[in-house]
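Heads up, the thing below is written out as structure tokens.
The values are calculated or read from the model by the stated rules, or taken from the named source; none is laboratory data. Because the structure is a prediction, the values reported are computed rather than measured. Quick reminder, even Gly has a Cβ in these numbers, built from the backbone with ideal geometry, and neighbours come from all protein chains shown. What goes into the accessible areas is simple: the full protein's heavy atoms, side chains included, and nothing from ligands, DNA or RNA. Shrake-Rupley method; radii C 1.70, N 1.55, O 1.52, S 1.80 Å.
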Amino acid sequence: MTSLHESGTPSRPASAGLSALLRRATQVLADAGVPTPDVDAELLAAHLWGISRGQLLAAALRGDAAPGDTAAFDALIARRASREPLQHLTGTAPFRHLELRVGPGVFVPRPETEMVAQLAIDALRAVPDAAPVAVDLGTGSGALALAMATEVPYARVHAAENAVDAFVWAKENFAAVAPHAVLAFVDLADAFPELDGTVSVLVSNPPYVPDAATPRDPEVRNWDPPSALYGGEDGLDVVRVLSGVGLRLLRPGGTLVIEHGEWQGAPIRALLDADGWRATATHRDLTVRDRATTAIRP
Ligand code: GLN
């Protein structure tokens, strides 16, 4: 593995310019296969030294020295090079307009799920009701629930999580972002019987990776909780449960929104159609891959 210090320049002081420091860190991350090594190096430096990425880049352009401890920076870069998730090292993950707290034990929110949130938010905003009820099942860090609770602030949002470690992160995020939303520690199959037949929008990003599939990215494979990833032989075990729970919770005309993998649109539409759902439709993400299926409760 490449060392943080270029060979052949042993006399160069560790505090040489910030720009050189970032360049070397970028190379270490690139050698480790990190997909966006320059961005990650910059974000880790900005995080460590408590400045914005813009301020960091301006300082590098001016030829400034590193604004703080370079050994601590090298240590963070080494952890990232071992493919610890960037978001665990900074302690936060961006999701739409939110900055959510994340770390070991919780699924890191993904950019493609922002589009799933949009489907739920659009459906929620279209409900002609002063306080429509929305539910997020398997909320993880709280991303989908908190997007709805903040972007449709008049909605009554409920979220369920049944993994202790994830629940702890969700609790922190709910308290910080939307203390008015309801977070329950419960299996999604049993969630919220008191809301039966009253929910306008039910959204979920369930585990949907087939058990035998191995996620490509080490950050996912080694760090995301298996219970948030794997959904049985075909990946659809939890989707089948969601279909039943959706028929119980949603009011007639209510909208179900389920995130899934790019090859799962057709089988999910088929299983929802067989359960009696109406208007099943699959939606693509920004990479033009099937990413979510919606359906209307009959
Ligand atoms: N989209 C996830 C991934 O990148 C899979 C998440 C899930 O199963 N909900 O691996």
Computed accessible area, His47, all protein chains, 1.4 angstrom probe, square angstrom: 80 Å²
Length gained when the stretch Ala266-Lys171 is fully extended (0.36 nm per residue, less Cα-Cα span): 30.7 nm
From phi via Karplus (6.51, -1.76, 1.60), per-residue ³J(HN,Hα) for segment 208-221 in Hz, x at Gly/Pro: 9, 6, x, 3, 7, 7, 10, x, 5, 7, x, 4, 7, 4
Solvent exposure, largest accessible area first (probe 1.4 Å, DNA, RNA and ligands not counted), of Phe107, Phe73: Phe107, Phe73
Label-reachable residues, segment 228-262, where backbone N falls under 18 Å from a point 7 Å from Asp196's Cα toward its Cβ: 241-254
Listed residues Thr70, Ala46, Ser82: farthest to the positive end of the dipole of segment 43-83 (Cβ charges): Ser82
The chain - mean residue ellipticity at 222 nm from DSSP helices (-39,500 (n - 2.57) per run, n ≥ 4, rounded to 500): -12500 deg cm²/dmol
Per-selection metrics, the chain (Cα): Rg and Dmax in Å: 21.7, 73
Label-to-label distance, nm, for residues given as Asp64 and Glu233 (7 Å Cα→Cβ offset): 5.9 nm
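Using the heavy atoms of the protein chains alone and a 1.4 angstrom probe, what is the accessible area of the chain per residue in square angstrom? Don't skip to the answer; put the middle values down first.
Working: 13230 Å² over 298 residues.
Normalised by residue count, the accessible surface of the chain is 44 Å².
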Gap separating the Cα centres of segment 56-131 and segment 160-225, nearest whole Å: 18 Å
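Any idea what the dipole of segment 220-265 comes to, in debye rounded to 20, about its Cα centre with Lys/Arg Cβ at +1 and Asp/Glu Cβ at -1? Display every interim value, and only then the final one.
Numbers: 4 positive and 6 negative charges, 62 e Å.
About 300 debye.
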For segment 21-129, the fraction of alpha-carbon pairs in successive 5 Å shells from zero, as %: 2, 11, 18, 20, 16, 12, 7, 5, 4, 2, 1, 0
